[in-house]
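Heads up, the thing below is written out as structure tokens.
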Amino acid sequence: MTPRPVNNLYKSLFWGALLTYLIAILFNLKSFHLWSQIQVLHDAGLQINLKSIYLHPHGMRYLLVSPVYLISDLVHVAPDKILSLFIVLMCVTISIALTHVVALFQKVKNHWQLNFYFFLFFTILSLFMNGRLIYGLCAYSLMAYSFFLVVKKEKESGVKKYTLPACLITLGTLFSSISSGVAISFYAICFSSICLYLLYSYRLKNNINYPIIIYTSVLFLLYTPIILCLLNKNLSFFGEGYEAVLSMTQHGMLNGVGNGMLNGVGNDQDSGVGNYLIFRALGIGFISLLIGFVYNYRNKLISDPLVFYPAYCMAILICLSPFAFSILMMAFVPAVIMSTFLTSRFSTIGKHLFETYQTSTHSVGSKSS
């Protein structure tokens, strides 16, 4: 059992890191800004209704950030400040969700330790990103937590089996609408993951969580027109046919010079080349991590859906990354999950080897005496 002082230490570190980030936001040391598309819609007085949500290409996105304007008007604080505080809340949500993901896969002695490390990582990451990507990372974290709950808690009943996964996948779907690339990739991965879960459960004759499957199917049926609207918007913007697909790759990994999704991207060519190299390095790193993860878990990859899921997400995101850098950045979520799993695995192997070495040394010493 982990000593209480260690728990208190990481708990204090977590709250200290959170307080530090809040102070940085409140004193304008770091700020996030509402993007121009949303600001234009707000200034134009776009009404939020079924028509705007389903027919306007940015309607769902505007719905998602509308609470920022409502709170801003209520407390008389700049919308950008409210958005920045929302981003801090997103980082907390990501850390909690991923901590529960790891805890559902393996025994975790100190939840506060994982909370602190995950929060610190995504907080530092957010310093180099715009607000949209943090919403997307939160969506993917909630999706992972929901999937792990559905698979791991299939024999339980109540909140953890039905209500919580339904809420998580609903919020994840809503948050993913912050970006066309994030929304489309989220939709594809979530829908295909459900199909794979059904196939896995049917093959092993496991109990299927039908209420969640039915709920998610209805949710995605209602969300499909929005995805089709986003696809149509992208195709209309980039042209038609093969040329449209080729033009879309100018926003992703196949682009010669990335236009970037980082805040620090400048307008000069040197800045574009620099950010393109960063994205390329990230892509290579994600691919290397995926290969290492698949190799180390090759015996459990097919039999254990909790092992298969992060690898599957990573593979799909890498395959879709040529169309948008924002999709590539979502790979940080499965990357963190896989890295944590690998770290635990290597730690277990190292501990086993050390114990084996001690046993053999003790045995040799006993024989000598």
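Quick check: anything in the stretch 27-34 among the hydroxyl-bearing types (Ser, Thr, Tyr), over 30 Å from HIS111 (Cβ atoms), at pLDDT below 95 and outside any helix (DSSP H, G or I)? So far as the stretch 27-34 goes, yes, one or more of its residues are among the hydroxyl-bearing types (Ser, Thr, Tyr), over 30 Å from HIS111 (Cβ atoms), at pLDDT below 95 and outside any helix (DSSP H, G or I). The residue pairs whose first member lies in the stretch 101-115 and is within 23 Å of TYR309 (Cα to Cα), whose second member is buried (at least 17 other Cβ atoms within 10 Å of the Cβ) and among the small types (Gly, Ala, Ser), and whose beta carbons are closer than 6 Å, counting only pairs six or more residues apart or on different chains, are VAL101/ALA144; ASN115/SER95.
Listed by first and then second residue, the pairs linking a residue in the stretch 45-74 that is free of Cβ contacts under 8 Å to residues at least 12 places away in the same chain to a residue that is part of a helix (DSSP H, G or I) and small (Gly, Ala, Ser), with Cβ atoms under 6 Å apart and 6 or more places separating them unless they lie on different chains, are SER52/GLY59. For the stretch 280-332, a tally of residues being buried (at least 21 other Cβ atoms within 10 Å of the Cβ) and part of a loop (DSSP other than H, G, I, E, B) returns 3. A single entry from PHE186, PHE220, PHE191 fulfils the requirement of being under 22 Å from the mean Cα position of the chain (by Cα), modelled with pLDDT of 90 or more and more than 21 Å from PRO334 (Cα to Cα): PHE220.
What number of residues within the stretch 282-306 are closer than 25 Å to HIS100 by Cβ and charged (D, E, K, R)? Total satisfying the criteria: 2.
To keep it simple, each residue is scored yes or no on (1) surrounded by fewer than 23 Cβ atoms within 10 Å (Cβ to Cβ); (2) more than 24 Å from ILE53 (Cβ to Cβ); (3) basic (Lys, Arg); (4) in contact with an Asp or Glu (Cβ under 8 Å, 6 or more places away or on another chain).
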position: LEU149; (1), (2), (3), (4): no, yes, no, no
position: PHE175; (1), (2), (3), (4): no, no, no, no
position: SER179; (1), (2), (3), (4): no, no, no, no
position: ILE194; (1), (2), (3), (4): yes, no, no, no
position: TYR202; (1), (2), (3), (4): yes, yes, no, no
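Filtered by the rule that a residue be part of a loop (DSSP other than H, G, I, E, B), over 25 Å from the mean Cα position of the chain (by Cα) and buried (at least 17 other Cβ atoms within 10 Å of the Cβ), the stretch 47-87 gives a lone residue, HIS56.
The values are calculated or read from the model by the stated rules, or taken from the named source; none is laboratory data. The shown structure was predicted, so the numbers you read here are calculated from the model rather than taken from an experiment. Note that each Cβ is placed from the backbone with ideal geometry, even for glycine, and that neighbours are counted across all protein chains shown.
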